[in-house]
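Colleague: I have a structure here, written as structure tokens, and I will follow up with some questions on it.
The values are calculated or read from the model by the stated rules, or taken from the named source; none is laboratory data. These numbers come from a predicted model, not from an experiment. Note that each Cβ is placed from the backbone with ideal geometry, even for glycine, and that neighbours are counted across all protein chains shown. Protein only, heavy atoms only, side chains kept; ligands, DNA and RNA dropped before computing areas. Shrake-Rupley method; radii C 1.70, N 1.55, O 1.52, S 1.80 Å.
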Amino acid sequence: MLTVLDGDFLPFAKGVADGRYAFWLGSGISFGRFPGLKVIIVKALEHLRARADPTQTNCSFKAALDRALDLANLTATERQSIDLGQPVESWAMVELLRDRLSGQYAAFLDIDIDGEPTDYLVWNAIKVAEVYADDSIAPDAEHYAIAALIKERAVSELPSANWDGLIEKAVDELSRGQVSLKICVRTQDLQAPDQNATLIKFHGCAIRAQADEATYREYLVAAQHQIDGWETNATTRGLAQYLVNVALTKPTLMLGLSAQDANIRKVFALAAATQNWNWPGELPAYVMAEDNIGPDQGTLLRGVYRAHFDAGNGNAIRNSAHFRAFAKPLLISLLLWTLGAKLQRMSRLGAFDLSDEFKDWIDEGIVRMRTLLAEINTGNHLDFIKDLIAGVSRTKRLFMSGRSNASISRYEPLSTVAVSQMSQDAETETNGLAEAAVATATIAHGATSGDWSLCSTNPNDDRSGVTQIVKDGRKDRVFVLSNADAEVALFDSGSVDDDDQDAILIHARPVHERLARSPSRAPGRTGAVGPRRLSMSSLLSMADTPDELMEGFRLEAGL
């Protein structure tokens, strides 16, 4: 996946790291957490069947069930095989009904029942609020990756067709309860204070509908009559205008979204009527993460690219928009790519000059570290993303303060701005992150060239360091520190002791004699050789080439 981002989709990857893309989210990002269309179709059919009375000629539920079966376009033989006395799941035609009605779900959910509200199937049969507001459902890898990308400021606009609250839950967890997401279900919500990102739930929110049915039930969009004219409806027109502006000003990444709903295609058509995106452009204006681009997505592409599409470029446009991956692996890869891009950018922001050779070497080393991290993922995406998030946060805290505070779940981003907004100033020249980026590249080069290997650490034990270097049967704990105060805290917490011979303390800035520590600890050395201390800024000042830097690093680190 990272190879594809480094290759044909490099402009796209750079665009995400620069915070340029809007993420348009569909039910695919919650696949496995909540019922999909094919499940809720059968649930709604069973709801109708259980209430239908075939002996009554005016039974409204039987009439509704008949209209649903008509919509599936069953043959007379198929229709006769249905036994209304048996659950829908036992019908021979159940799979056919799943396929046909899920492809027409809006028309199916638009079936009305005499004497009942027009949203009866959505509210009473599917029980959308009860199911999709279930607080016991935890976020999956996609939601955590999006939450981390929000914290890294790689995405700020997230239009979502989903009813569930897993994005909100993941962001809340990584923000430790601090507000960092603006959630908009109604037009009035757009007037709330801006946050790190804006989540536009343009098909409604089950959580809010459950908590305040009188206000939010009407915003749950699923039936055809709700989708048709959505962009001109008085209650949703403001959201539609906002989304048109998003489609007009930001290129689009579609994740788990089939674009089969007419209101979604209408938003993009309205944006294109004002200003088209060029094709080919500096970056792909539309990227769709799917196994295949379906007819509805193809219709959307034809509508927004217009003349380019009609000039015989249809296949080329589809290929340029088609990222052959599902949301889970793509989002994890985008987070890794963004973290790497930030480290590369940080290496340019220090108070030191780098030759072109040095820049290329650092960039390559950071890519190598990114690859080493990616190789840890054996297929359990949820565990991997959680470990990655915890590892980045722990490393950042240890670097800045010498303490990881493992009990804190808040995510610590590498930086609080997108790559395109990272610039050199007095703070970036002195906070040590530039030197830390070079240290990352140095460690990765040594690991991939065979000088040493790396071993993972215990995230709940600060004594284990941020990584461990294994060489000649010896395992050294590595700590990367921003300043002398961080080292003092490291010693005071007991993460490192004076007589530890297996600790390497990599300082970003020049190393000075250690400041006095807490009087509660015994002063002075025990006579044993203690931790090895080295300074990346000092090594950089003495090295003219990457080889000289590597040699200096080996000597100072005792490797």
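Colleague: Report, by residue number, each residue of region 308-339 that is in contact (Cβ under 8 Å) with a residue 24 or more places away in the chain, among the hydrophobic types (A, V, I, L, M, F, W, C) and open to solvent by 50 Å² or more (accessible area, probe 1.4 Å).
Modeller: Listed by number, the list holds a single entry, Phe326.
Colleague: Any chance region 77-96 includes a residue that's under 30 Å from Phe326 (Cα atoms), open to solvent by less than 30 Å² (accessible area, probe 1.4 Å) and either free of Cβ contacts under 8 Å to residues at least 12 places away in the same chain or not β-branched (Val, Ile, Thr) (or both)? Explain how you work it out, then say what you get.
Modeller: From region 77-96, those under 30 Å from Phe326 (Cα atoms) are 89, 93-96; that's our starting set.
Filter once more, keeping what is open to solvent by less than 30 Å² (accessible area, probe 1.4 Å): 94.
With either free of Cβ contacts under 8 Å to residues at least 12 places away in the same chain or not β-branched (Val, Ile, Thr) (or both) added as a condition, the list becomes none.
So far as region 77-96 goes, no, none of its residues is under 30 Å from Phe326 (Cα atoms), open to solvent by less than 30 Å² (accessible area, probe 1.4 Å) and either free of Cβ contacts under 8 Å to residues at least 12 places away in the same chain or not β-branched (Val, Ile, Thr) (or both).
Colleague: Of the residues in region 417-432, how many are assigned to a loop (DSSP other than H, G, I, E, B), farther than 19 Å from Ala508 by Cβ and open to solvent by less than 40 Å² (accessible area, probe 1.4 Å)?
Modeller: Going through region 417-432 one residue at a time, the tally reaches 1.
Colleague: Within region 293-307, track down each residue that is surrounded by 13 or more Cβ atoms within 10 Å (Cβ to Cβ) and not hydrophobic (A, V, I, L, M, F, W, C).
Modeller: Across region 293-307, the qualifying residues are Gly294, Asp296, Gln297, Gly298, Thr299, Arg302, Gly303, Tyr305, Arg306.
Colleague: Does any residue of region 255-264 turn out to be farther than 30 Å from Asp140 by Cα and outside any loop (DSSP other than H, G, I, E, B)? First the steps, then the outcome.
Modeller: Here is the first cut: in region 255-264, the residues farther than 30 Å from Asp140 by Cα are none.
Within region 255-264 (the criterion being farther than 30 Å from Asp140 by Cα and outside any loop (DSSP other than H, G, I, E, B)), the answer is no, since none of the residues qualifies.
Colleague: Still on this structure, I have one more. Just to be sure I understand, how many residues within region 497-510 are in contact with an Asp or Glu (Cβ under 8 Å, 6 or more places away or on another chain) and part of a loop (DSSP other than H, G, I, E, B)?
Modeller: The number of residues fulfilling the criteria is 3.
A quick yes/no check of all residues on (1) open to solvent by 20 Å² or more (accessible area, probe 1.4 Å); (2) of a type outside the set (Phe, Trp, Tyr); (3) modelled with pLDDT of 90 or more:
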site: Ile469; (1), (2), (3): no, yes, yes
site: Gly473; (1), (2), (3): yes, yes, yes
site: Asp476; (1), (2), (3): no, yes, yes
site: Val496; (1), (2), (3): no, yes, yes
site: Asp499; (1), (2), (3): yes, yes, yes
site: Ala503; (1), (2), (3): no, yes, yes
site: Ser518; (1), (2), (3): yes, yes, no
site: Val529; (1), (2), (3): yes, yes, no
site: Arg533; (1), (2), (3): yes, yes, yes
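Colleague: Open to solvent by less than 20 Å² (accessible area, probe 1.4 Å), at pLDDT 95 or above, touching a His at 6+ places or on another chain (Cβ under 9 Å) and outside any loop (DSSP other than H, G, I, E, B) - does that describe any residue in region 169-192?
Modeller: For region 169-192, residues open to solvent by less than 20 Å² (accessible area, probe 1.4 Å), at pLDDT 95 or above, touching a His at 6+ places or on another chain (Cβ under 9 Å) and outside any loop (DSSP other than H, G, I, E, B): present.
Colleague: Just name the residue that is most open to solvent (accessible area, probe 1.4 Å) out of those in region 230-247 that are among the polar types (S, T, N, Q) and in a loop (DSSP other than H, G, I, E, B).
Modeller: Thr232
Colleague: Please list, ordered by first then second residue, the pairs with beta carbon atoms under 6 Å, 6 or more apart or interchain, first in region 161-173 and without any contact (Cβ under 8 Å) to a residue 60 or more places away in the chain, second open to solvent by 30 Å² or more (accessible area, probe 1.4 Å).
Modeller: Taking only residues 6 or more apart or on different chains, the pairs are Gly165/Ile207.
Colleague: Another one. What is the one condition in (1) open to solvent by 70 Å² or more (accessible area, probe 1.4 Å); (2) free of Cβ contacts under 8 Å to residues at least 40 places away in the same chain; (3) not in a helix (DSSP H, G or I) that Pro280 does not satisfy?
Modeller: (2)
Colleague: Can you tell me how many residues within region 293-329 are of a type in the set (A, V, I, L, M, F, W, C), assigned to a loop (DSSP other than H, G, I, E, B) and at pLDDT 90 or above?
Modeller: 2
Colleague: Of all residues in region 345-360, which are in a helix (DSSP H, G or I) and either within 11 Å of Gln424 (Cβ to Cβ) or open to solvent by less than 30 Å² (accessible area, probe 1.4 Å) (or both)? Before you say what the answer is, go through the steps one by one.
Modeller: Taking region 345-360 and keeping what is in a helix (DSSP H, G or I), we get 345-346, 356-360.
Hits for region 345-360 are Arg345, Met346, Phe358.
Colleague: Could you run through region 58-67 and say how many residues are within 41 Å of the chain's Cα centre (by Cα) and either open to solvent by 70 Å² or more (accessible area, probe 1.4 Å) or at pLDDT below 95 (or both)?
Modeller: Selection size over region 58-67: 1.
Colleague: Here is a further query. Output the number of the condition that Thr378 fails; it satisfies all remaining conditions of (1) of a type in the set (S, T, N, Q); (2) over 22 Å from Tyr411 (Cβ atoms); (3) open to solvent by less than 50 Å² (accessible area, probe 1.4 Å).
Modeller: For Thr378, the failing item is (3).
Colleague: Okay, moving on. For the condition among the hydrophobic types (A, V, I, L, M, F, W, C), touching a residue at least 12 places away in the same chain (Cβ under 8 Å) and open to solvent by 50 Å² or more (accessible area, probe 1.4 Å), what is the one hit in Ile207, Ile227?
Modeller: Among Ile207, Ile227, only Ile207 is among the hydrophobic types (A, V, I, L, M, F, W, C), touching a residue at least 12 places away in the same chain (Cβ under 8 Å) and open to solvent by 50 Å² or more (accessible area, probe 1.4 Å).
Colleague: Please work out if Leu414 is farther than 18 Å from Leu505 by Cα and crowded, with 17+ Cβ neighbours inside 10 Å.
Modeller: Values: farther than 18 Å from Leu505 by Cα: yes; crowded, with 17+ Cβ neighbours inside 10 Å: yes.
Yes, satisfied.
Colleague: Select from region 133-144 the residues that are open to solvent by less than 20 Å² (accessible area, probe 1.4 Å) and either touching a Gly at 6+ places or on another chain (Cβ under 9 Å) or part of a loop (DSSP other than H, G, I, E, B) (or both) and write down the one among them that is nearest to Asn162 (Cα to Cα).
Modeller: Ala133
Colleague: Might you check whether a residue that is of a type in the set (A, V, I, L, M, F, W, C), open to solvent by less than 50 Å² (accessible area, probe 1.4 Å) and at positive phi occurs anywhere in region 248-265?
Modeller: Of all residues in region 248-265, those of a type in the set (A, V, I, L, M, F, W, C) come to 248, 253-255, 257, 259, 262, 264.
Of the ones still in play, those that are also open to solvent by less than 50 Å² (accessible area, probe 1.4 Å) are 253-255, 257, 259, 262, 264.
Still in the running and at positive phi: 259.
Yes: one or more hits.
Colleague: Give all pairs with beta carbons closer than 6 Å in which a residue from region 532-546 that is without any contact (Cβ under 8 Å) to a residue 40 or more places away in the chain meets a residue that is open to solvent by 40 Å² or more (accessible area, probe 1.4 Å) and assigned to a helix (DSSP H, G or I); count only pairs at least 6 apart in sequence or on separate chains.
Modeller: Leu534/Glu556
Colleague: Residues being open to solvent by less than 30 Å² (accessible area, probe 1.4 Å), farther than 29 Å from Glu95 by Cβ and either in a loop (DSSP other than H, G, I, E, B) or in contact with a His (Cβ under 8 Å, 6 or more places away or on another chain) (or both): count how many of those fall in region 1-44.
Modeller: 3
Colleague: Check off (1) part of a helix (DSSP H, G or I); (2) touching a strand residue (DSSP E or B) at 6+ places or on another chain (Cβ under 9 Å) for Lys342 and give me the number that stays unchecked.
Modeller: (2)
Colleague: Here's another thing I want to ask about it. Pull up region 107-128, narrow it to residues that are part of a helix (DSSP H, G or I) and open to solvent by less than 10 Å² (accessible area, probe 1.4 Å), then point me to the one that is farthest from Ser393 (Cα to Cα).
Modeller: The selected residue is Phe108.
Colleague: Is it the case that some residue within region 45-57 is out of contact with any Leu (no Cβ under 6 Å at 6 or more places or on another chain), surrounded by fewer than 19 Cβ atoms within 10 Å (Cβ to Cβ), without any contact (Cβ under 8 Å) to a residue 24 or more places away in the chain and not in a loop (DSSP other than H, G, I, E, B)?
Modeller: yes
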